[in-house]
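To start, the structure under review is shown below, and the notes come after it.
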Amino acid sequence: MKGYPQPSLREILKERFLLGAALNDAQIAGQDPAALEIIRRHFNTISPENLLKWDVVHPEPDRFEFAAADQYVALGAKYGLFVVGHVLVWHQQTPSWVFEGAPGATLDPKLLLSRLRVHVRTVAARYRGRVQAWDVVNEAFEDDGSWRKTPWYVALGEDYVARAFEFAHEADPEAHLYYNDYNLWKTPKREAAVRLVTSLRERGIRIDGIGEQGHWLLDDPPLEDIEAAIVDLANAARQVMITELDVDPLPRPEELIGADLSKRVELAPQLDPYADGLPEALQQRLAQRYRDIFSLFVKHRAVSRVTFWGVTDADTWLNNWPVPGRTNHPLLWDRQGRPKPAFNAVVEALRRAQ
Ligand code: G3I
């Protein structure tokens, strides 16, 4: 492209794996043309950061709101992208009515199951053939591998996951269906995900792959742990995807690695040290981290997709978690949409693999 010197990541990658980014509401509404230009040039798949979540598309029992999601799906079709649906079943961003009983009664599990069925079928059927893959269930396990005691689990037990996959498959038999979670580099959690895939398949329920979200830090998790997770998940599930990639260079208490939204820390100046920009030494560390992880992704053939959770540093959710109001720098493009040293590092890692 004239006046646009960046090599295209997706052209360098060819068909090796899909590469994408999550789009926020403004981008999908066409209010951020610069971000869309990045998408068109560098990526061949998109995910919606928020607008397919339950509270957006299904705010009341008998009310679905599809206008924004329709725009998202249309955008993907217009640019010829692999369109991911995120997410059918989660414990976050789900309206409280979903888990409430009829007036004056406690929640009847049958009622909850029927709400699950209606939601999953309605949403997945609407986009049949146009959303190519769904994150069906998100974050069902704790880091120690036990079931997360979400309202889904408390009312329906483990079976809610199997049922969600069945409903999604009935609604769109061609769609790829995934389980998605963070911290799968932690062995007990990864083993739980592997057991889940194995048991669903033993029961004849379709599941195509596992997504490791990939919310990582500069040094944590260690590369060996990331690689061990890719190998194990690939053996169990065939397709392994890095679905929400970012590398957070800001200070963070160790117990907050991952994406547990129930934990937060108050803003303090020492926790926001790079409000005026990331110093060069840290830009280089970030670049090296991206070089290392992309070298792993190209090494393992089972990696079928890598999706960044955001386009530029201006958009990242990490400006608001775990410390609300920070200035974060976890992606390949800075707040002005300029490629960072990390972008060049990814180019190098991808070129070396050709
Ligand atoms: O929509 C309201 C808006 O009306 C209001 O004015 C504004 C004020 O704060 O909040 C808006 O909602 C925010 C929403 O994003 C949309 O921007 C919520 O407060 C905010 O909590 C929510 O954060 C999202 C988060 O999921 C919580 O569900 C992040 O953008 C999104 O990046 C993040 O994505 C998750 C994945 O789905 C699952 N894996 C972890 C990942 C990161 O947490």
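The values are calculated or read from the model by the stated rules, or taken from the named source; none is laboratory data. Because the structure is a prediction, the values reported are computed rather than measured. Here Cβ is always computed from backbone atoms with ideal geometry, including for glycine, and neighbour counts include all displayed protein chains. Only protein heavy atoms, including side chains, enter the accessible area calculation; ligands, DNA and RNA are left aside. Shrake-Rupley method; radii C 1.70, N 1.55, O 1.52, S 1.80 Å.
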Toy charge model, Lys and Arg Cβ at +1, Asp and Glu Cβ at -1: the chain dipole around Cα centroid in debye, rounded to 20, equals 1200 debye
Just to check I understand the Karplus step: with θ = phi - 60° and J = 6.51 cos²θ - 1.76 cosθ + 1.60, what whole-Hz values come out for the range 22-32, glycine and proline as x?
7, 9, 8, 4, 5, 5, 5, 7, x, 8, 9
Tell me the per residue accessible area of the range 10-59 using a 1.4 Å probe; a whole number in Å² is fine.
35 Å²
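As an exercise, identify the GluC sites (Glu not before Pro) in the range 172-229 lying in DSSP coil whose Cβ has no more than 10 other Cβ atoms within 10 Å.
When the GluC sites (Glu not before Pro) of the range 172-229 are filtered for loop state and at most 10 Cβ neighbours within 10 Å, E174 remain.
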Given only helices, namely DSSP H runs of n ≥ 4 each adding -39500 (n - 2.57), what is the per-residue ellipticity at 222 nm of the chain, to the nearest 500 deg cm²/dmol?
-11500 deg cm²/dmol
Under the classification rounded if a/c is under 1.5, otherwise prolate if a/b is larger than b/c and oblate if not, where does the range 193-260 fall, given a ≥ b ≥ c as square roots of the Cα gyration tensor eigenvalues?
prolate
Give me the Kirkwood hydrodynamic radius of the range 16-58, using the inverse of the mean 1/r over all pairs of distinct Cα atoms, in Å to one decimal.
11.1 Å
Once a ≥ b ≥ c are taken as the square roots of the eigenvalues of the Cα gyration tensor of the range 218-354, is the result rounded (a/c under 1.5), prolate (a/b larger than b/c) or oblate (a/b not larger than b/c)?
oblate
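When DSSP beta bridges are limited to those with both residues in the chain, what percentage is antiparallel, rounded to the nearest 5?
Here the share of antiparallel DSSP bridges comes out near 10 percent.
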Compute, for the range 222-354, the length of the dipole vector about the Cα centre, with Cβ point charges of +1 (Lys, Arg) and -1 (Asp, Glu) only. Units Debye, rounded to 20.
560 debye
Given bins 5 angstrom wide, list per bin the percent of all Cα-Cα distances in the range 297-341, short to long.
5, 23, 21, 17, 15, 11, 7, 1
Value of Rg/Rh across the chain [Cα atoms, Kirkwood radius]:
0.95
Let me check against my output: what whole-number percent is the relative contact order of the chain, with C-alpha pairs under 8 Å and at least 6 apart?
17 percent
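Under Stokes-Einstein, with the Kirkwood radius over Cα pairs standing in for Rh, what whole-number D in µm²/s applies to the range 85-202 at 4 °C and 1.567 mPa s?
On the way: Rh = 14.8 Å.
Stokes-Einstein gives a translational diffusion coefficient of 88 µm²/s.
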Carbon/sulfur accessible area of the range 116-210, % of total, 1.4 Å probe, equals 47 percent
Name the residues whose placed amide hydrogens come within less than 5 Å of the amide hydrogen of L19, ignoring near sequence neighbours (fewer than 5 apart) on the same chain.
N44, T45, V306
Can you list residues whose amide H is under 5 Å from R335's amide H, if they're 5+ apart or on another chain and H is modeled 1.01 Å from N?
D313, A314
Considering only protein heavy atoms, what per residue accessible area in square angstrom results for the range 183-258 with a 1.4 angstrom probe?
36 Å²
Taking only the alpha-carbon positions of the range 1-139 and ignoring solvent, what does the Debye formula give for the base-10 log of I(q)/I(0) at q = 0.18 Å⁻¹?
-1.00
Report relative contact order for the range 53-211 in percent, whole number only (criteria: Cα-Cα under 8 Å, sequence separation at least 6).
23 percent
